[in-house]
Amino acid sequence: MNQEFTLTIFSENSIGLLNRITIIFTRRKINIDSLTVSESALKGIFKFTIVVDSTEQMAKNLVKQMEKQIDVIRAFYLTEDEILHQEIAMYKIETSSLLETNLIEGIIRRYNARILELTKEYTVIEKTGHKAETQELFEQLKPYGVLQFVRSGRVAITRLKKEHLSSYLENLEKEHRDPVTV
Amino acid sequence: MGTQTIEEKKVAQTETVNVTGSDALLLSLITEGASTIFGYPGGAIMPLYDKLMDYKDKLKHILTRHEQGAIHAAQGFARVTGKPGVCFATSGPGATNLITGIADAYMDSTPLVCITGQVFSALLGTDGFQETDVVGVTMPVTKWNYQVTKAEEIPEAIAKAFYIACSGRPGPVVIDVTKDAMMNKCDYSYKRCKYIRSYIPEPRVNNVQIEAAAKLINEAKKPLAVVGQGVILGNAEKELLDFVNKSGVAVATTLLGLSAIPNNHAQYTGTVGMHGNAGPNIKTNDCDLLIAIGMRFDDRVTGVVAKYAPQAKKIHFEIDKAEINKIIQVDAPVLGNVGETLAQILDYIQPKQYPEWLAEFKACDKVEYDRVIKEELHPADGKINMGEVIEVLNDSAKGDAIICTDVGQHQMFAMRYCNFNSTRTWVTSGGLGTMGFGLPAAMGAQFGCPDKKVVSISGDGGFQMTMQELGTIAYNKLPVKMIVLNNNFLGMVRQWQELFFEERYSNTPISSPDFVALAASYKIEGETVLDRSTLKDAIERMYNSEGAYILEIKVTAKGNVFPMVPAGASVSDILYGDENKK
Ligand SMILES: Cc1ncc(C[n+]2csc(CCOP(=O)(O)OP(=O)(O)O)c2C)c(N)n1
């Protein structure tokens with residue numbers, strides 16, 4: 001049975017690794033629903049957050065294939081209840097339509113969105129939330145004409161106190177006092 | 001120390017020296033113990049080739065006739081010696097000509113370090129002359145790859161390359177070096193790589209897993225061990241033998257596991273897989289415990305997965321955790337180097353014997369003999385069969401030669417009928433099934449083991465894919481013995497056409513040159529065998545010849561390899577080939 005999984009991958013900062021990681025998905029014809037990359041709380045270690053729709057067995061195998069990549073330190077697959085996650089969306093509408101009616105202002109308030117920039121021609125609205133929420137706001141704004149719309153990939157954080165990785169790295173360093181080359 | 005030359009001082013890294021990137025690269029190779037390089041020069045890699053002349057006494061470079069020949073030779077070298085194969089190629093077409101071999105080595109876990117030249121770093125990404133994105137192109141088929149654009153990166157990149165290629169589950173590594181990185185100067189000193197934070201080559205052995213597996217082994221009534229190449233890669237042949245002897249289990253090997261255990265061992269029951277032996281295939285679906293050791297459940301081994309040993313408990317000894325439950329769900333995974341895990345489990349298992357269980361395999365052997373082998377090896381008349389040739393070769397080789405094959409029917413016959421006494425004497429392309437592999441691999445094997453007899457066995461199709469390497473063999477006076485089994489067909493494909501495509505032989509009849517005359521033009525001796533009455537003497541002449549020798553043997557045009565587990569069938573649904581005759 002397919003289900004949504006959030007995969008988090010911790011890696012060294014190496015050129016080409018993103019390519020190696022996406023190949024794991026493309027080879028198996030698995031679509032990546034969303035992908036973000038950023039430096040983690042640990043200096044020099046990067047974190048990929050990837051959302052896929054797959055079976056649990058496939059998610060397990062994907063994680064093992066990712067950990068097999070030389071520059072990947074650890075990878076995990078997580079379900080909805082193990083993480084907090086957010087996406088950010090931006091909507092551009094004509095300022096005239098904002099001024100014509102006060103309904104839009106009501107929508108912005110109701111959806112806890114905010115106005116990022118307002119010019120004579122256009123207004124940019126921003127909202128963070130789950131995909132369903134940002135999508136709903138899009139639907140609400142649509143009748144007034146959305147000129148541009150963009151949504152980021154998912155960022156996620158586990159409900160654990162520390163990153164999964166920290167204790168792993170601490171143990172690793174204990175075993176191998178010498179860094180990289182000996 | 002006083003007598004050290006400057007070169008030796010560099011190699012012994014007694015001091016940091018200022019050298020070109022090319023020097024640094026070659027010194028790094030020497031420090032890693034490389035002695036033989038297979039390659040082909042070209043524009044982007046010329047600075048490295050130039051410097052090769054200064055290290056002639058330590059690094060032997062073998063100029064092949066095609067880069068594919070170079071990489072298959074490096075693979076053959078690695079497979080028989082256990083050391084990493086090294087090859088050089090220039091940018092663009094040189095590098096892309098390596099791809100088949102890299103993919104082959106990736107599938108068959110062969111340690112390789114491939115150095116490719118690359119255009120000047122300033123030209124990268126501009127579609128410069130002979131620029132190919134080698135890192136991009138090789139990414140899906142390498143264990144690791146890296147592009148070097150600065151001379152000073154070279155020693156560390158090479159150190160990592162060797163460490164990664166050889167440790168854990170081995171594999172091919174590509175280091176792409178820009179021309180300016182080869183030409184610029186750098187301070188050279190060398191540190192071997194022994195640890196990379198993000199890479200754990202061997203999972204630590206877990207005693208809980210060992211005990212769980214031992215319990216299953218001790219309780220089993222009908223245990224079958226299937227041995228893969230992992231045992232050879234882990235240098236665990238002795239540990240395997242001890243395990244097999246003490247546990248008393250029935251043993252089979254995969255195509256690549258052949259030679260890990262002598263095939264005259266009393267508990268040895270043959271090979272598994274599509275053209276393997278009836279016994280181990282049928283008994284896979286009858287055993288109560290399947291012990292997979294350093295193998296990866298390839299679909300040519302399992303047949304249809306849903307019907308693969310559903311009745312059996314399964315143990316999987318494996319170094320690569322990504323292989324656990326990838327295809328077959330197992331009850332007891334045992335992670336780690338099989339050399340360690342097999343040694344450790346020995347203390348937990350009870351000595352046992354299973355005479356009745358082994359007798360069941362013998363009964364299957366009898367059926368296989370009556371329905372397939374007898375006719376294959378002892379036909380009343382007609383042209384020579386491929387199996388017969390292997391059987392006669394056994395008389396000369398006595399299980400001691402290194403056998404290298406190409407891909408096709410002859411490969412399956414060699415797998416079925418060759419005898420092996422010692423490990424690393426079987427070199428074949430398994431996972432990728434690369435035609436053209438056999439001859440250059442034999443060449444590399446001969447460089448790796450100059451004192452052993454190396455025999456390559458090819459079909460008339462595959463031989464023509466890389467036969468330009470006759471030039472390399474002749475030039476280097478390599479005593480490789482070449483058998484070409486000529487059926488005037490791309491035999492294996494023809495067999496499938498016969499069985500599954502209504503005998504429509506689309507593009508499988510194939511013509512060949514006069515192989516003996518061709519070899520003669522390279523001053524290589526040889527002869528053609530047409531008739532079984534002359535086969536034995538001809539094989540002996542070939543085997544005992546001083547130098548290289550080619551034996552073209554005209555064989556039955558439409559011979560088939562049986563038994564066969566057709567694709568999509570269960571391993572116990574075996575075709576013996578006589579079904580229609582009954
Ligand atoms: C490079 C490559 N191309 C195509 C194939 C598909 N293929 C597998 S076996 C085979 C026929 C081999 O014929 P031959 O070399 O004459 O050997 P035989 O089967 O007759 O022993 C072919 C074409 C392959 N394995 N490798």
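Since every read-out is calculated from the coordinates, none of them should be taken as a lab result. Predicted, not measured: the structure shown is a model, and the values here were computed from it. Every residue, glycine as well, gets a Cβ built from its backbone with ideal geometry; the counts of neighbours run over all protein chains shown.
Taking Cα atoms of the stretch B:501-582, Rg/Rh with Kirkwood Rh, to two decimals?
1.12
Count the DSSP beta bridges whose two residues both fall in chain B, then state the antiparallel fraction as a percent rounded to the nearest 5.
The antiparallel proportion sits near 10 percent.
When the Cα atoms of the stretch B:3-188 are enclosed in a convex hull and the volume is divided per residue, what value in Å³ results?
Once divided by residue count, the hull of the stretch B:3-188 is 100 Å³.
How far, in degrees from 0 to 90, does helix B:154-166 lean away from the longest principal axis of the Cα atoms of chain B, to the nearest 10?
10 degrees
Please express the shape of the stretch B:251-342 as an equivalent ellipsoid: the semi-axes are the square roots of 5 times the eigenvalues of the C-alpha gyration tensor, given largest first in whole angstrom.
19, 17, 12
Determine ³J(HN,Hα), in whole Hz, for all residues of the stretch A:20-28 in sequence, where each value follows from phi through the Karplus function 6.51 cos²θ - 1.76 cosθ + 1.60 and θ = phi - 60°; x replaces Gly and Pro.
Karplus values, whole Hz, x for Gly and Pro: 4, 6, 5, 4, 4, 7, 5, 4, 9.
How big is the stretch A:1-140 by Rg and Dmax over its Cα atoms, in Å?
Values for the stretch A:1-140 (Cα only, Rg and Dmax): 19.2, 58 Å.
Restricting to DSSP loop positions (anything but H, G, I, E, B) with no more than 14 other Cβ atoms inside 10 Å of their own Cβ, which trypsin sites (Lys or Arg not before Pro) remain in the stretch A:86-141?
Here the sparse-neighbourhood loop sites are A:K120.
Can you give the % of DSSP beta bridges in the protein assembly as shown that are antiparallel, to the nearest 5?
Roughly 45 percent of the beta bridges in the protein assembly as shown run antiparallel, per DSSP.
Could you tell me how far the Cα centroid of the stretch A:113-155 sits from the Cα centroid of the stretch A:1-63, in Å?
First find each Cα centre; the distance between them is then 27 Å.
In whole Hz, with x marking every Gly and Pro, tabulate ³J(HN,Hα) for the stretch B:472-486 from phi via Karplus 6.51 cos²θ - 1.76 cosθ + 1.60, θ = phi - 60°.
Result, rounded to whole Hz: 5, 5, 5, 4, 8, 6, 7, x, 5, 9, 10, 10, 10, 8, 9.
Quick one: which residues, 5+ away or cross-chain, put their amide H under 5 Å from the amide H of B:G248? H built at 1.01 Å from N.
Here B:K352 satisfy the definition.
Going highest first, how would you order B:209-220, B:504-515, B:269-280 by mean Cβ packing within 10 Å?
B:269-280, B:209-220, B:504-515
Kirkwood hydrodynamic radius of chain B from all distinct Cα pairs, in Å?
Kirkwood radius, chain B: 24.9 Å.
Over 46 Å apart: what share of the alpha carbon pairs of the protein assembly as shown falls there, rounded to a whole percent?
Summing the P(r) tail past 46 Å for the protein assembly as shown gives 31 percent.
What is the pair-distance distribution P(r) of the stretch A:3-78, computed from all Cα-Cα distances in 5 Å bins starting at 0, with each bin given as a whole percent?
3, 17, 32, 27, 14, 5, 1
Kindly write out, for the stretch B:387-393 in residue order, the coupling ³J(HN,Hα) from the Karplus curve 6.51 cos²θ - 1.76 cosθ + 1.60 (θ = phi - 60°), rounded to whole Hz, with x marking Gly and Pro.
x, 4, 4, 5, 4, 5, 4
Would you mind checking which residues have amide H under 5 Å from B:H61's amide H? H placed 1.01 Å from N; only 5 or more apart, or other chain.
Hits under the 5 Å cutoff: B:I37.
Considering the options B:L393, A:Y77, B:T284, tell which one lies farthest towards the positive end of the dipole of the protein assembly as shown, charges being +1 on Lys and Arg and -1 on Asp and Glu at the Cβ, about the Cα centre.
Among B:L393, A:Y77, B:T284, the one farthest towards the positive end of the dipole of the protein assembly as shown is A:Y77.
Using the Kirkwood formula on the Cα atoms of the stretch B:383-555, what hydrodynamic radius do you get, in angstrom to one decimal?
When all Cα pairs of the stretch B:383-555 are included, the Kirkwood radius is 15.9 Å.
With springs only between Cα atoms under 10 Å, which of A:K43, A:K68, A:K142 fluctuates most in a Gaussian network model of chain A?
Of the options given, A:K43 has the highest mean-square fluctuation.
What is the set of long-range amide H partners of A:R74 at a cut-off below 5 Å, with H atoms built 1.01 Å from backbone N?
Answer set, sorted by chain and number: A:F10.
Restricting to Cα pairs below 8 Å that are 6+ residues apart, what does the relative contact order work out to for the stretch B:394-476? Please round to a whole percent.
Over the stretch B:394-476, the number comes to 38 percent.
Let me know the Kirkwood hydrodynamic radius for the stretch A:84-151, please, with Cα pairs as the basis and the value in Å to one decimal.
The answer is 11.8 Å.
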